[in-house]
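Everything on this sheet refers to the single structure shown next.
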Amino acid sequence: MLLNSCKKGFLVGLKTTWTLGKIIFPVTLIVAILQYTPLLPWVMDLISPLMKLLGLSGDAAIPLVLGNFLNLYAAIGAILTLDFSVKQVFILAVMLSFSHNLFIESSVAMKAGVKLWVVLVTRPGLALLSAVVINLVWHGGGETAKYGLIEPSTSHPSGVWGILIEAVHKAGLGILQLAMIVIPLMVVIQILKDIQWLKKFSKGMAPVTRTLGMQENTSTTMAAGLLFGLAYGAGVMIQAVKEDGVSKKDITLAFIFLMACHAVVEDTLIFLPLGIPVLPLFFIRLGVAIVLTLIVGTIWKRSGLVKRKEAAYDEQKNYNNSV
């Protein structure tokens with residue numbers, strides 16, 4: 001069974017690498033070439049004042065736009081072509097962890113019963129707030145980031161062929177690094193699927209969901225989102241909402257948590273090639289998710305108590321008037 005799981009996971013990993021590679025390779029190629037045209041510098045100068053508030057340079061808008069409109073892999077493909085400091089890459093990683101793939105993942109949340117405004121306020125809001133806080137609090141990380149196998153640019157290539165060769169080289173190394181992470185990850189996920197670990201993990205999540213103010217029937221939704229993400233775990237999550245009878249309050253709280261912290265293994269490990277500390281990235285996402293869910297849950301609970309008290313008072317008042 002283990003051998004079959006590994007084989008199946010390896011094939012899935014290759015297929016996933018191919019699928020994501022078709023995004024990363026052209027994005028990396030195009031952005032690498034655009035660096036040597038007047039267009040990219042013009043865009044950078046235009047938005048630099050806004051990006052400075054976040055501790056970023058103007059060109060950081062490229063991975064942010066690609067990540068939010070497409071996915072994390074497109075954003076990483078863009079980052080690999082640009083020279084940033086370690087601090088800037090870390091800020092980008094945190095922002096993109098909170099807010100990426102907005103169209104698809106927002107649709108998933110709405111399909112499960114979460115209001116669109118909750119998604120749009122939570123995800124981009126967390127991304128912007130986290131960037132400002134990290135920029136103000138962290139005074140280090142000024143050294144140039146090293147992207148794994150990709151060395152920082154020290155000289156400009158000469159001629160069209162030189163630019164094209166450098167772009168292809170960066171794109172190729174980006175795909176190689178992706179494969180080194182995605183294939184083992186898919187093997188592990190396939191093994192977990194085959195041994196039905198999701199069900200076991202869901203049971204283990206029950207005490208956590210209770211602590212966060214949700215009923216135990218939210219645990220499958222939480223487990224699917226944490227392991228597979230909002231997009232990949234969509235089917236499991238939507239089905240769990242239907243079958244387990246999750247209330248509107250609980251599914252909203254669950255998605256608030258998952259919008260801050262989902263696909264914790266994959267979305268953390270894929271940032272490894274960018275040369276940043278990934279453990280702080282993981283703990284920031286997890287900490288923010290817990291605190292935000294507890295705050296919203298507490299406010300929701302108190303507002304519910306107030307409404308019930310008001311309803312009881314009105315009922316008693318009407319009764320007294322009738323007597």
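Every number here is computed from the coordinates shown, using simple stated rules; none is lab data. Quick caveat: nothing in here was measured; it's all calculated off a predicted structure. Here the Cβ is made from the backbone with ideal geometry for all residues, glycine too, and neighbour counts use every protein chain on show.
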Determine one quarter of the surface area of the Cα convex hull of the stretch 1-132, which equals its mean projected area, and express it in nm² to one decimal. 10.3
Gain upon complete extension [Val265, Leu2; 0.36 nm per residue less C-alpha separation]: 92.6 nm
With only alpha-carbon atoms counted, please give the Rg and Dmax of the stretch 48-107, in Å. 11.0, 34
Around Phe98 (Cβ within 13 Å, Cβ-to-Cβ, excluding Phe98; K/R +1, D/E -1) the net charge comes to 0
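Report the gain in length on full extension from Glu143 to Ser303: 0.36 nm times residue separation, minus Cα-Cα distance, nm rounded to one decimal. Walk me through the numbers before you get to the answer.
Details: separation 160, 0.36 × 160 = 57.60 nm, distance 4.80 nm.
Computed gain between Glu143 and Ser303 is 52.8 nm.
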For Val278 and Ser107, calculate 0.36 nm times their separation in residues minus their Cα-Cα distance, and state this gained length in nm to one decimal. 58.7 nm
Diffusion coefficient, µm² s⁻¹, Stokes-Einstein with Kirkwood Rh over alpha-carbon pairs of the stretch 252-296 at 10 °C and 1.306 mPa s: 145
